[in-house]
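Everything on this sheet refers to the single structure shown next.
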Amino acid sequence: MKAVFAYLKGDRVIWVITIMLCLVSILVVYSSTGTLAYKQAGGNTFYYLSKQLLFVGASLLTVFLTHRINYKVLYSFAKLLYYASIPLLLYTLVRGVNINEAARWITLPGGFSFQTSDLAKLALMMYLATQISLKQPDIKDFKKGFVPLLIPIGLTCMLILPANFSTAALIFVSSMVLLYIGRVRIKHLSLLAGVGVVGIGIFILVALNMPDSGRVGTWKRRIENFVSKDGENFQADQAKIAVATGGMFGKGPGQSVQRNILPHPYSDFIFAIIIEEYGLITGIFIMSLYLILLFRSVALIKKCPTTFPAFLVAGMVILIVLQAFAHIGVNTGVFPVTGQTLPMISMGGTSMIINGIQIGIILSVSKEILKQSSANAPSVQTTNETDNEVEDEGNVTDKIID
């Protein structure tokens, strides 16, 4: 084990959590793709198992490669990645592959599909981490500190919203949390939240009064079914049945009934299948893994000597944990049905790779913090960091990333 961790740097607990989530992914995806295999692969259940093994392997490789990169390199790379994500989102809206009445994917050479919103949310959070760090001296100012941060958030959300409302909402909420951590004034965030609530209200009213066609029709049906107690929501009902029949210890591996009924049991509703086959105990265990990841990341943030790595870790873990609990909320009937996958568990190439990058970035920061600690480097008190930056604004950028 020590020999393995000689190559795997950073927080060992986060490494263990990552590997455990990947192992769960292999087991549950193999079990939940049985019907899909008979429909699309001639009954060859090993086809989707091998495919998911490839995804998991690629994700773990991505974690390893990313965590070997010094996080300081990401400071300059973040802006380039964000600027590249905008034309990709535009291209997806115009020429993207249309699945379930929504253009979310673009096709790459070799027949591979790529969901651009996954890359965009990663790029946005990295970019926000750099900008919030850079603007710490003016972060309380509405025009200098707050407004410039709203532009990238609003642009990204507006480009994703037409095809993927849930992802746009997830990005908006994640950005709000990161801005709060970044010391943006509460009254400014309250104003932004109010605008968001009004916007969602207008959206719901418009959707309810539009014809039942296309993507708007899908949104309308989901809103009506969730609000109305008598509404029929096939997917949500089947997920609740899976959770209810799983009991405390589950039916056993491969014994799920709802996997044959639920659409996309291997991605959108994989948590319900986990509880049905492995029980509520396992479901709580999975939730605990995400919470431990959150707590370890918070502990890491407190150790960061400068603002940029702290905000970078915060952005990455916020995305992972909020998406995980949004998925769990959908599977247990707390939220309306969305297309959010369970990070590092649901089947999907793009999501697994992006999640791997996010965890790799957290581990990269952790690696550098441990390296500094082992070298007995002088620590800088986080509480005094901003004051020092304000005193010497000419060297702000150096202090953010060094």
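The values are calculated or read from the model by the stated rules, or taken from the named source; none is laboratory data. Because the structure is a prediction, the values reported are computed rather than measured. Virtual Cβ from ideal backbone geometry, glycine too; neighbours counted across all protein chains shown. Only protein heavy atoms, including side chains, enter the accessible area calculation; ligands, DNA and RNA are left aside. Shrake-Rupley method; radii C 1.70, N 1.55, O 1.52, S 1.80 Å.
Answer yes or no: is there a residue in region 276-284 that is surrounded by 22 or more Cβ atoms within 10 Å (Cβ to Cβ) and either aliphatic (A, V, I, L, M) or more than 11 Å from G250 (Cβ to Cβ) (or both).
No; the residues of region 276-284 include none that is surrounded by 22 or more Cβ atoms within 10 Å (Cβ to Cβ) and either aliphatic (A, V, I, L, M) or more than 11 Å from G250 (Cβ to Cβ) (or both).
For the condition outside any helix (DSSP H, G or I), touching a residue at least 24 places away in the same chain (Cβ under 8 Å) and either in contact with a Pro (Cβ under 9 Å, 6 or more places away or on another chain) or closer than 21 Å to M176 by Cβ (or both), what is the one hit in Q372, Q340, Q323? Before you say what the answer is, go through the steps one by one.
Working: Q372 fails: outside any helix (DSSP H, G or I); Q323 fails: outside any helix (DSSP H, G or I).
Just one listed residue meets the conditions, Q340.
Give me the residue from region 13-40 that is crowded, with 22+ Cβ neighbours inside 10 Å and of a type in the set (S, T, N, Q) and, out of that set, nearest to T341 (Cα to Cα).
Step by step, filter region 13-40, then rank; the result is S25.
Taking region 41-58, which residues are open to solvent by less than 70 Å² (accessible area, probe 1.4 Å) and on the phi > 0 side of the Ramachandran plot?
The answer is G43, and nothing else.
Since T306 meets every condition but one in (1) more than 16 Å from K240 (Cα to Cα); (2) of a type outside the set (A, V, I, L, M, F, W, C); (3) out of contact with any Asp or Glu (no Cβ under 9 Å at 6 or more places or on another chain), which condition does it not meet?
(3)
Results for (1) out of contact with any helix residue (DSSP H, G or I) (no Cβ under 6 Å at 6 or more places or on another chain); (2) exposed (fewer than 13 other Cβ atoms within 10 Å of the Cβ); (3) at pLDDT 60 or above, shown as yes or no for each residue.
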{"position": "N209", "(1), (2), (3)": "yes, yes, yes"}
{"position": "R222", "(1), (2), (3)": "yes, no, no"}
{"position": "D230", "(1), (2), (3)": "yes, yes, no"}
{"position": "Q238", "(1), (2), (3)": "no, no, yes"}
{"position": "M248", "(1), (2), (3)": "no, yes, yes"}
{"position": "I261", "(1), (2), (3)": "no, no, yes"}
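Select, from D387, D392, the only residue that is open to solvent by less than 70 Å² (accessible area, probe 1.4 Å) and either modelled with pLDDT under 50 or under 22 Å from L61 (Cα atoms) (or both).
Values: D387 fails: open to solvent by less than 70 Å² (accessible area, probe 1.4 Å).
None of the others qualify; the one that does is D392.
Identify all residues within region 169-181 that are free of Cβ contacts under 8 Å to residues at least 60 places away in the same chain and open to solvent by 10 Å² or more (accessible area, probe 1.4 Å); write none if there are none.
A169, F172, M176, Y180
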